[in-house]
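Asks: Take this structure first; my questions come after.
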Amino acid sequence: MLPRRTRLLLLKSLSLISIVRGYNILVIALAQYLAAIFIMAPDLPLRDVVLDPNLLVLVLSSALVIAGGYIINSFYDSEKDLINKPRKSMLDRLVPQRVKIQAYFVLNLLGVLLASYVSFRAALFFAAYVFGIWLYSHRLKKIAFVGNFVSATLAITPFFAIFVYYKNFEAVIFVHALFLFLLILSRELIKDMENLAGDLAQNYQTIAVRFGLRFSKGCITLLVLLALVPAALLIAYFDVGLMYLYFIATSLLLLLFLVLLWQATSKKQFVWLHNILKFIIVSGVFGILLIDVDLVLARFV
């Protein structure tokens, strides 16, 4: 049996990991590296990309700022989460609000200072990113349409940093980005339906609150159908290696998702729909490996 103080310290550590969603940050960092290797800089030697100190700094800066973003989001959503996610909320409350704010400032400061190693412009980029996350958490997330759009934009911003660093402006990158953006925006609308009770209690003017579930489902349906367009373009017109199999499977799954969406009426069903979109997004990270299977077999196996 561990001493009480040790158990409390472990619980607080788990609470902090829960707040910053460490698993999400790891997936984003992996996605940034894979995107750099296979999409942003496919012509550079693998060693030059993986061992690039500037890329490492950009990924670390992204991780620190994103962690800070999760903290400030948890800080502002603490009352709403008590309704929507009572178990997670009780775990998160093991870390005092004062400690959360201190960690928020430290993480963001480290992220911006670290980015200055790459360039002054990189530091400004991450400083703006920090401000954008704060503004979203403090005010914008409560506004219908605006909150969802800004949240999806902030979610893909770490990839924009890599895109700017490599200065690769090929069309395939923009089509990939559009597909990802539409999926993330759809997921944001699903989350609003999932969290309807807490949003109503805290007067969050989300699309689901202001216009109802049927209108929200219509918006999600439109976004998913739009997402099928870049998926079809990537299959038909761009060289994505064997990743075309991912886009075919994803397109079929998205059609099934739409059928389930219009049948869904309960929070449990909305959680399942949210998880389907999350699965598609996360599997897309590993699907990047299919772009150049020969490289994977030669270097990774």
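Asks: Look through the range 142-157, keep the residues that are part of a helix (DSSP H, G or I) and small (Gly, Ala, Ser), and return whichever of them is nearest to residue 62 (Cα to Cα).
Replies: Per the stated criteria, the residue is 155.
Asks: Here is a follow-up. Return only the number of the condition from (1) more than 17 Å from residue 29 (Cβ to Cβ); (2) among the β-branched types (Val, Ile, Thr); (3) in contact (Cβ under 8 Å) with a residue 24 or more places away in the chain that residue 146 does not satisfy.
Replies: (3)
Asks: Take residue 146 and tell me if it is surrounded by 18 or more Cβ atoms within 10 Å (Cβ to Cβ), β-branched (Val, Ile, Thr) and under 29 Å from residue 227 (Cβ atoms).
Replies: no
Asks: Something else now. Between residues in the range 214-238 that are exposed (fewer than 14 other Cβ atoms within 10 Å of the Cβ) and residues that are modelled with pLDDT under 95 and among the β-branched types (Val, Ile, Thr), which pairs lie under 8 Å by C-beta distance while being six or more apart or on different chains?
Replies: That search, which allows pairs on different chains as well, returns 215/207.
Asks: Confirm whether residue 156 is within 17 Å of the chain's Cα centre (by Cα), at pLDDT 90 or above and buried (at least 18 other Cβ atoms within 10 Å of the Cβ).
Replies: In short, no.
Asks: Out of all the residues in the range 15-68, which are aromatic (Phe, Trp, Tyr) and more than 16 Å from residue 292 (Cβ to Cβ)?
Replies: Across the range 15-68, the qualifying residue is only 23.
Asks: Can you tell me how many residues in the range 134-166 are of a type in the set (D, E, K, R) and touching a strand residue (DSSP E or B) at 6+ places or on another chain (Cβ under 8 Å)?
Replies: Adding up the residues that qualify gives 1.
Asks: Can you tell me which residue is modelled with the lowest pLDDT among those in the range 65-106 that are β-branched (Val, Ile, Thr) and buried (at least 17 other Cβ atoms within 10 Å of the Cβ)?
Replies: Checked the range 65-106; the qualifying residue modelled with the lowest pLDDT is 95.
The values are calculated or read from the model by the stated rules, or taken from the named source; none is laboratory data. Note that the coordinates shown come from a computational prediction; the quantities given were computed from them, not determined experimentally. Glycine also receives a Cβ, built like all others from the backbone with ideal geometry; neighbour counts cover every protein chain displayed.
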